[in-house]
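Novice: I have a structure here, written as structure tokens, and I will follow up with some questions on it.
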Amino acid sequence: MLSIDISHAASFLPLPYEAALRPRLERAAGWLQNGGGKGSDFIGWVTLPRDYDRGEYARILAAAKKIQGDSKALVVIGIGGSYLGARGVIECLCSPNYNLKKKSTPNIYFIGNGLSSDALREVIELIGDDDFSVNVISKSGTTTEPAVAFRFFREKLEKKYGKAEAAKRIYATTDAHKGALKSLADQEGYEEFVVPDNIGGRYSVLTAVGLLPIAVAGVDLDELMGGAQEMMSLCSKNDYNNPAWQYAAMRHELYRQGKKVELLACFEPAFRFMAEWWKQLYGESEGKEEKGLFPASVDFTADLHSMGQYIQQGERMLMETVVRFAPAEHQMIVPFDEVNGDGLNFLAGKTMDFINRQAMDGTLLAHVEGGVPNIILNLDENNARTMGQLIYFFEYACGLSGYLLGVNPFDQPGVEAYKKNMFALLGKPGYEEMGEELRKRLR
Ligand code: PA5
């Protein structure tokens, strides 16, 4: 089970804060559980691990099985909340080198998460003549990046299999009622999965958005949802035994004391995309009204040799949250070397995990002494169940954190600014005048 250790951060706070924050946390928890707070139309994820649609869940499992049987590759088209969670879980549980491994499940390519021509061409080339399927994911159904990518892969599928057969290989995950993708899916007869109305993109990893790609990679969905449900019941407790309360309260107080950047750190490189998912979750939920901790991430120990200097001695506006995993199942043991030319025989017979753990402890002491409060999240296993716990923990703590900050944790008004400019510059109908004006400014 996930547990939290805030003892290496507490000394940075001049006054006891828990009692003072309690009424605000109680109110925030009430808003998450019963509505009434800002953005309360989007709290469907709070009870999702218990109340998810069993019928759709069975269809997800069946679709995953079909894709595993008829495809060598699955192309997952989506951006932001419509891909980061799935990629994070797959990389963390199956490996960042998942596609390179010998396995019985299909390769999974994530595309439509940017506008790079090279990235698009590369995926098309990598698939080559292999049998493949497409999962196009967009809650709004109108996001430019995935919509453009989908055109290319739909065309490739239709050329390879013909229109009717191609339609059987396209799975659309989108809104239940509206949007261009919904209309297209209805018209072409694609199998459809729903992003529930009351769940926003960055809180949607445990809906079909994340579950279909994750199931195709062979991860046990029952375990993932079971873990999330365990954490849901822990988080429903309105006191400081709840790890989400501890995390939300601590990071809020540290922010008030001038810690403006939160680094999410992990000593497992496979965690990298979970950190990307976390950055979106917290950045989009809190970063508004000129407030919010800036979420950043580091891969240790690699980044100790690049960012480590700044963390130790740069501007003191950092706090760190470190995710620690249980020891790996397969232990690598440092071999003994007669000659000992590298002087490393003092490590001979030690496991890599032991060495990594000493690096963790050494880094913890150094960073705390250097003025960087550390929160530690311990996972006693590295599997689908603990991943479900971690996902729900971060989501719930994020909802609490947004409410403590006084913002709406479920909207993202700031994302629209670049989109409008891009549409205007691209000449989208309706944006002509704005386009003229922007072009003048760029001259
Ligand atoms: O959290 C959010 O709502 C956003 O980051 C979306 O996930 C992202 O913009 C993609 O949107 P859509 O799924 O509508 O294509």
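We did not get these values from a lab; they are worked out from the coordinates using the rules stated. For clarity, every value in this text was computed on a predicted model and none was experimentally measured. Here Cβ is always computed from backbone atoms with ideal geometry, including for glycine, and neighbour counts include all displayed protein chains.
Novice: Per DSSP helix of 4 or more residues, -39500 (n - 2.57); summed, then divided by the residues of the chain. What does that give at 222 nm, rounded to the nearest 500?
Specialist: -15000 deg cm²/dmol
Novice: Greater than 31 Å separation of Cα atoms is the criterion. Which listed pairs, LYS139/LYS168; LYS139/LYS163; LYS101/LYS279; LYS66/LYS139; LYS66/LYS237; LYS65/LYS237, meet it?
Specialist: LYS66/LYS237; LYS65/LYS237
Novice: While we're looking at this one, here's another question. Answer rounded, prolate or oblate for segment 46-219, using the Cα gyration tensor with square roots of eigenvalues a ≥ b ≥ c: rounded when a/c is under 1.5, else prolate when a/b is larger than b/c, else oblate.
Specialist: Rounded, since a/c falls under 1.5.
Novice: As I understand it, the value is the acute angle between the Cα axis of helix 416-426 and the longest principal axis of the Cα atoms of the chain; what does it come to in degrees, rounded to 10?
Specialist: 40 degrees
Novice: With 10 angstrom as the radius, rank GLU284, GLU369, GLU188 by how many other C-beta atoms surround their C-beta, starting from the fewest.
Specialist: Placing the least packed residue first, the sequence is GLU369, GLU188, GLU284.
Novice: Show the residues, 5+ positions off or on another chain, whose built amide H is closer than 5 Å to the amide H of LEU264.
Specialist: Close amide H contacts, sequence-distant or interchain: ALA296, SER297, VAL298, THR321.
Novice: Using only Cα atoms, find the angle between the long axis of helix 18-34 and the longest principal axis of the chain, and express it within 0 to 90 degrees, rounded to the nearest 10.
Specialist: Taking the Cα atoms of the chain, the angle to 18-34 is about 20 degrees.
Novice: What percent antiparallel are the DSSP beta bridges of the chain, to the nearest 5?
Specialist: 10 percent
Novice: So what are the ³J(HN,Hα) numbers for segment 171-187, from phi and the Karplus equation (6.51, -1.76, 1.60; θ = phi - 60°), rounded to whole Hz, Gly and Pro as x?
Specialist: Once θ is set to phi - 60°, the couplings for segment 171-187 become 10, 10, 10, 7, 4, 6, 10, 10, x, 5, 5, 4, 5, 5, 4, 4, 5 Hz.
Novice: By counting other Cβ atoms within 10 Å of each Cβ, how are SER82, SER297, SER117, SER306 ranked from fewest to most?
Specialist: Listing SER82, SER297, SER117, SER306 from fewest to most nearby Cβ atoms yields SER117, SER306, SER297, SER82.
Novice: Can you give me the long-range amide H partners of THR173? Hydrogens built in the peptide plane at 1.01 Å from N, cutoff under 5 Å, separation of 5 or more residues or another chain.
Specialist: For THR173, the qualifying residues are VAL136, ILE137, SER138, PHE193.
Novice: Tell me, what is the percent relative contact order of the chain, built from C-alpha pairs under 8 Å that lie six or more residues apart?
Specialist: It rounds to 23 percent for the chain.
Novice: Distance from the Cα centre of segment 27-82 to that of segment 359-383, in angstrom?
Specialist: 31 Å
Novice: Per residue of segment 245-262, in order, report the coupling 6.51 cos²θ - 1.76 cosθ + 1.60 (Karplus, θ = phi - 60°) as ³J(HN,Hα) in whole Hz, putting x for Gly and Pro.
Specialist: 4, 4, 5, 4, 5, 5, 5, 5, 5, 4, 4, 5, 8, x, 7, 9, 10, 10
Novice: GNM, the chain, Cα, under 10 Å: largest mean-square fluctuation among LEU157, LEU365, LEU390?
Specialist: LEU365
Novice: Just to confirm the number: angle between the C-alpha axis of helix 272-286 and the first principal axis of the chain, 0 to 90 degrees, nearest 10?
Specialist: With both axes taken from Cα atoms, the answer is about 90 degrees.
Novice: How many angstrom separate the Cα center of segment 208-250 from the Cα center of segment 111-176?
Specialist: 30 Å
Novice: Once amide H atoms are built 1.01 Å from N in the peptide plane, which residues 5 or more positions from ASP131, or in another chain, come under 5 Å H to H?
Specialist: Residues meeting the amide H criterion: LYS72.
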